[in-house]
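I have placed the structure first, in the form of structure tokens, so that the comments after it can refer back to it.
The values are calculated or read from the model by the stated rules, or taken from the named source; none is laboratory data. Since this is a predicted model, take the numbers as computed values, not measurements. Cβ sites come from the backbone with ideal geometry, for glycine too, and all protein chains shown count toward neighbours.
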Amino acid sequence: MPEIAGARFLITGGVSLIGSHITDALLAAGATEVRLFDNLALGTPDMIRHLEGDPRVTLVRGDVLRLNELIDATQNVTGVFALAAFLTLPLSRNVPLGIAVNTQGVVNTLEAARIAHAKRVILSSSISTYGTSTADTIVEETPFTSAGQQPATNLYGASKLMGEALCAHYAKAYRVEYNALRFSSVYGERQHARAVNAVFIAEAYDAISRGERPVILGDGSEVHDYVYVTDVADACVAAMSSRSSGNVLNIATGVDTDLNRVVELLLATCGTPDLTPEHREDTRAVKSASVDHLRFSRAKAEKTIGWAPKVPIEEGVKRYVAWRRSNAG
Ligand SMILES: NC(=O)c1ccc[n+]([C@@H]2O[C@H](COP(=O)([O-])OP(=O)(O)OC[C@H]3O[C@@H](n4cnc5c(N)ncnc54)[C@H](O)[C@@H]3O)[C@@H](O)[C@H]2O)c1
């Protein structure tokens with residue numbers, strides 16, 4: 001089982017929301033070096049500004065579609081966090097490239113890990129692998145339901161299922177250990193505008209900070225499982241160092257929060273309870289499954305890697321607003 005302290009790690013797509021927080025968590029746990037492998041197709045240098053000058057962090061400009069670049073970057077690392085991907089929104093704008101990065105990019109990452117003898121790969125998968133499932137409680141065995149979803153949403157979910165199957169194949173055929181983590185809607189400090197559900201928090205905050213009414217699409221009963229980014233980073237590090245590997249795990253809070261509640265929390269945190277939200281028809285061309293209950297089980301993650309989230313939505317919204325305010329102007 002890989003130790004974190006004293007070890008080197010590679011994060012593909014490392015100049016990202018989640019990658020920047022995994023870096024923080026690895027350094028706090030005593031990692032010797034963290035290599036951020038990214039072609040900056042989507043990520044921007046402000047994501048890692050706070051790491052500038054830290055001798056333990058190396059930025060490697062490279063493309064997961066180029067195996068040779070990945071093999072070079074994977075030398076002497078204990079573990080790889082496979083984050084490079086196109087989320088549903090960017091994928092909908094460039095399907096051929098997005099699918100290539102989400103699938104061939106994972107093949108190359110696993111191949112590089114095999115060749116360079118990295119012990120373990122942690123794959124960033126997604127709850128989009130459940131599609132529009134209406135199961136009472138969503139456990140890891142709940143099947144993908146694609147019916148009724150928009151094409152880009154289905155393609156994203158299917159590409160993550162491919163990534164998981166590739167990890168299972170490399171574990172069986174070549175003993176490259178893995179854990180695949182299905183994140184729910186990740187939000188927090190250094191939030192970007194690429195994630196369809198977290199972007200709602202950002203847009204509602206933008207409106208409130210301009211003194212305008214926040215817009216809620218539909219009646220606001222659509223729910224998401226918002227998981228705070230530092231909790232996600234902790235899950236990734238736990239999945240890397242745990243005794244247990246070969247797992248697919250939900251990394252979700254298990255708490256459904258509807259859009260009306262998100263806005264209520266933002267208004268209370270911003271000290272503007274008199275602003276009322278405006279409900280408009282939902283005409284978005286790209287969105288994730290819009291359902292009024294999710295109820296993800298996080299029992300398996302707790303049992304296998306000892307992970308449980310620490311930041312409830314009430315606290316997470318406060319932290320997000322504090323970060324936006326500290327970056328204003
Ligand atoms: N943010 C969420 O809510 C969420 C939810 C579920 C799963 N995930 C998964 O977690 C991972 C990280 O998410 P994030 O929100 O931090 O993403 P992000 O969009 O911030 O980061 C993705 C990174 O991959 C890089 N990248 C793209 N193509 C590349 C290529 N060919 N070679 C090298 N790098 C490349 C981008 O430049 C970017 O920095 C992704 O795999 C995503 O699918 C995210």
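Taken over region 239-266, the criterion of being of a type in the set (Gly, Ala, Ser) and surrounded by 24 or more Cβ atoms within 10 Å (Cβ to Cβ) is satisfied by ALA239, ALA252. If you go through region 178-206 and keep only what is among the hydroxyl-bearing types (Ser, Thr, Tyr), away from the ligand (no atom under 12 Å from the Cβ) and touching a strand residue (DSSP E or B) at 6+ places or on another chain (Cβ under 8 Å), you end up with just TYR178. Residues that are surrounded by fewer than 15 Cβ atoms within 10 Å (Cβ to Cβ) and either modelled with pLDDT under 95 or near the ligand (Cβ under 7 Å from one of its atoms) (or both) within region 15-40 comprise just one, LEU40. If the condition is being touching a Phe, Trp or Tyr at 6+ places or on another chain (Cβ under 8 Å) and either farther than 30 Å from THR23 by Cβ or surrounded by fewer than 22 Cβ atoms within 10 Å (Cβ to Cβ) (or both), then region 144-167 contributes PHE144, THR145, ALA158, LEU161.
Hey, any hits in region 207-230 for a residue that's within 12 Å of the ligand (Cβ to nearest atom) and assigned to a helix (DSSP H, G or I)?
Taking region 207-230 as the starting set, the residues that turn out to be within 12 Å of the ligand (Cβ to nearest atom) are 224-229.
Retained after the next criterion (residues that are assigned to a helix (DSSP H, G or I)): 229.
Taking every residue of region 207-230 in turn, at least one turns out to be within 12 Å of the ligand (Cβ to nearest atom) and assigned to a helix (DSSP H, G or I).
Can you confirm whether ASP46 is surrounded by fewer than 20 Cβ atoms within 10 Å (Cβ to Cβ), charged (D, E, K, R), at pLDDT below 95 and in a helix (DSSP H, G or I)? Spelling it out, ASP46 is indeed surrounded by fewer than 20 Cβ atoms within 10 Å (Cβ to Cβ), charged (D, E, K, R), at pLDDT below 95 and in a helix (DSSP H, G or I).
Has region 168-177 got at least one residue that is surrounded by 21 or more Cβ atoms within 10 Å (Cβ to Cβ), within 16 Å of the ligand (Cβ to nearest atom) and at pLDDT 95 or above? Within region 168-177, none of the residues are surrounded by 21 or more Cβ atoms within 10 Å (Cβ to Cβ), within 16 Å of the ligand (Cβ to nearest atom) and at pLDDT 95 or above.
For every residue, the table says whether it meets (1) farther than 20 Å from TYR178 by Cβ; (2) outside any loop (DSSP other than H, G, I, E, B); (3) within 12 Å of the ligand (Cβ to nearest atom); (4) modelled with pLDDT of 95 or more.
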residue: SER124; (1), (2), (3), (4): no, yes, yes, yes
residue: SER133; (1), (2), (3), (4): yes, no, no, no
residue: ASP136; (1), (2), (3), (4): yes, no, no, no
residue: PRO143; (1), (2), (3), (4): yes, no, no, yes
residue: ALA147; (1), (2), (3), (4): yes, no, no, no
residue: ASN154; (1), (2), (3), (4): yes, yes, no, yes
residue: GLY157; (1), (2), (3), (4): no, yes, yes, yes
residue: LYS160; (1), (2), (3), (4): no, yes, yes, yes
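Between ALA193, ALA180, ALA204, the distinction of being outside any helix (DSSP H, G or I), farther than 22 Å from THR142 by Cα and touching a helix residue (DSSP H, G or I) at 6+ places or on another chain (Cβ under 8 Å) belongs to ALA193 only. Specify the residue that is farthest from the chain's Cα centre (by Cα); the eligible residues are those in region 246-273 that are part of a loop (DSSP other than H, G, I, E, B) and under 11 Å from LEU181 (Cα atoms). Residue satisfying both the conditions and the ranking: GLY246.
Please go through region 90-122 and pick out each residue that is surrounded by 22 or more Cβ atoms within 10 Å (Cβ to Cβ) and either farther than 18 Å from ARG194 by Cα or at pLDDT below 95 (or both). Result: GLY105, VAL106, ASN108, THR109, LEU110, ALA112, ALA113, ALA118, ARG120, VAL121, ILE122. Residues in region 40-58 that are touching a helix residue (DSSP H, G or I) at 6+ places or on another chain (Cβ under 7 Å) and either under 23 Å from GLU111 (Cβ atoms) or among the hydrophobic types (A, V, I, L, M, F, W, C) (or both): 5 in all. Annotation note: of VAL232, VAL196, VAL215, the sole residue that is surrounded by 23 or more Cβ atoms within 10 Å (Cβ to Cβ) and either over 13 Å from the mean Cα position of the chain (by Cα) or under 26 Å from GLU164 (Cβ atoms) (or both) is VAL232.
Filtered by the rule that a residue be in contact (Cβ under 8 Å) with a residue 24 or more places away in the chain and within 18 Å of SER245 (Cα to Cα), region 140-159 gives a lone residue, GLU140. Among the conditions (1) under 21 Å from the mean Cα position of the chain (by Cα); (2) within 14 Å of the ligand (Cβ to nearest atom); (3) surrounded by 23 or more Cβ atoms within 10 Å (Cβ to Cβ), the only one that THR74 does not satisfy is (1).
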